[in-house]
Amino acid sequence: MLRIYKSEDGGKLVKLKKNKPSSFSWYNLINPNDEELLKVSTQLKLDFDMLKNALDLNERSRVEFEDNALSLIINLPLLDDEGNFDTLPCGLFFTKKNFMTICSRDNRIISSFNKNTAKTFDTRIRGRFLLSILTKCTQYYLKYLAIINQKTEEIEYSIRKTTKNKALFDLIEIQKSLVYFTTALKDNHVVLLKLLRMLRLPSLSKVITFTEEDIDGLEDVIVDNKQAIEMVDMHRSILEGMMDGFASIINNNLNLVMKFLAAITIILSIPTMLASFWGMNVDVPWAKNPYGFLVVISFSAILTIFTIIYFKKKGMF
């Protein structure tokens with residue numbers, strides 16, 4: 001899907017026709033087909049393969065400046081309807097006159113730049129627009145990490161009550177999400193640092209202009225991104241501790257069950273053993289005594305009671 005927008009005076013965002021491109025417009029591609037990719041690469045004079053790479057779900061973040069075009073691929077955070085977290089590569093391409101974003105699927109970050117929020121950005125001020133996207137990306141990482149922290153606390157609370165498999169699967173899913181976040185944030189951090197160094201290049205100013213305020217804003221984004229990396233590392237450490245604790249709880253419960261079953265087996269073996277002795281087809285004590293049965297039962301009960309008391313003192317129950 002290809003949509004072309006352009007900001008106008010008064011904080012308005014106008015949608016342009018695809019066959020009538022205009023300078024300083026924003027090309028937004030969401031899961032485009034090859035025809036749309038070829039059309040945009042021809043109009044903006046961008047490498048087709050580079051655009052195609054931005055749609056690869058396994059693409060790493062990077063930044064390049066060549067052929068009078070600035071190309072960035074960053075990883076955006078995702079939260080699906082089922083509450084699972086993931087990352088999504090997003091391509092940001094700048095030419096002398098236009099700006100393009102390309103993603104393989106719709107996401108909250110790019111879609112947050114719309115007609116309702118048009119006053120917060122301007123496609124004609126492209127350096128500030130890029131900074132807005134990078135800022136929004138980092139903010140969503142921090143927002144999702146706060147949600148992960150809340151979910152972790154809820155799982156920890158549930159583990160205190162029960163050790164069901166669902167809690168374990170939830171922990172595994174969160175741990176997998178944090179691995180995605182760690183890789184994406186560290187790659188994005190490298191891109192942000194490289195972009196900050198590239199802003200001083202005279203040739204870059206011919207494509208995109210950054211003011212001193214924009215540079216300060218980019219440095220703030222780098223600080224926030226570093227904070228997100230530290231938060232991810234902290235959450236991963238907490239989760240690893242919870243997983244170890246979860247395993248210890250399961251092992252401890254299993255040991256308690258096995259110990260209880262062993263004690264019950266021993267206790268039940270006492271009357272069984274006595275009954276087998278007096279049930280043999282040979283002469284046994286009290287065989288002809290009218291109270292022999294009661295004697296055996298009483299003796300069995302006394303031994304069983306003493307065994308229960310002994311195991312109870314030893315903590316077997």
Given (1) small (G, A, S); (2) surrounded by 16 or more Cβ atoms within 10 Å (Cβ to Cβ); (3) farther than 22 Å from L130 by Cβ, number of the condition G10 does not satisfy: (2)
Residue in region 207-227 that is of a type in the set (F, W, Y) and either farther than 23 Å from V191 by Cα or in a helix (DSSP H, G or I) (or both) present: no
Residue identified as of a type in the set (F, W, Y) and outside the structural domain of D187 (by TED's automatic domain parsing) among F260, F210: F260
Matching strands (runs of 3 or more DSSP E) fully within region 1-68 where at least 2 residues are farther than 23 Å from R105 by Cβ, of a type outside the set (A, V, I, L, M, F, W, C) and free of Cβ contacts under 8 Å to residues at least 40 places away in the same chain: 62-66
Enumeration of residues in region 69-103 that are in contact (Cβ under 8 Å) with a residue 24 or more places away in the chain, within 19 Å of Y141 (Cα to Cα) and part of a loop (DSSP other than H, G, I, E, B): G83, N84
In region 175-206, the residues that are of a type in the set (S, T, N, Q) and touching a strand residue (DSSP E or B) at 6+ places or on another chain (Cβ under 9 Å): S177, T183, N188, S203
Test: residue in region 189-197 that is among the charged types (D, E, K, R), without any contact (Cβ under 8 Å) to a residue 60 or more places away in the chain, surrounded by fewer than 18 Cβ atoms within 10 Å (Cβ to Cβ) and more than 24 Å from A247 (Cα to Cα): yes
Every pair of residues 6+ apart whose Cβ atoms lie under 7 Å, when the first sits in region 165-183 and is over 15 Å from L145 (Cβ atoms) and in contact (Cβ under 8 Å) with a residue 40 or more places away in the chain while the second is in a helix (DSSP H, G or I) and among the polar types (S, T, N, Q): A167/S158
Among the candidates M231, M242, residue that is assigned by TED's automatic domain parsing to the domain that holds K143, crowded, with 17+ Cβ neighbours inside 10 Å and at pLDDT below 80: M242
Any chance K176 is assigned by TED's automatic domain parsing to the domain that holds F246, closer than 22 Å to D244 by Cα and among the basic types (K, R): yes
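The values are calculated or read from the model by the stated rules, or taken from the named source; none is laboratory data. Computed from a prediction, not measured in an experiment: that's the story for all the values here. Reconstructed Cβ throughout: ideal geometry from the backbone, glycine too, with neighbour counts over all protein chains shown.
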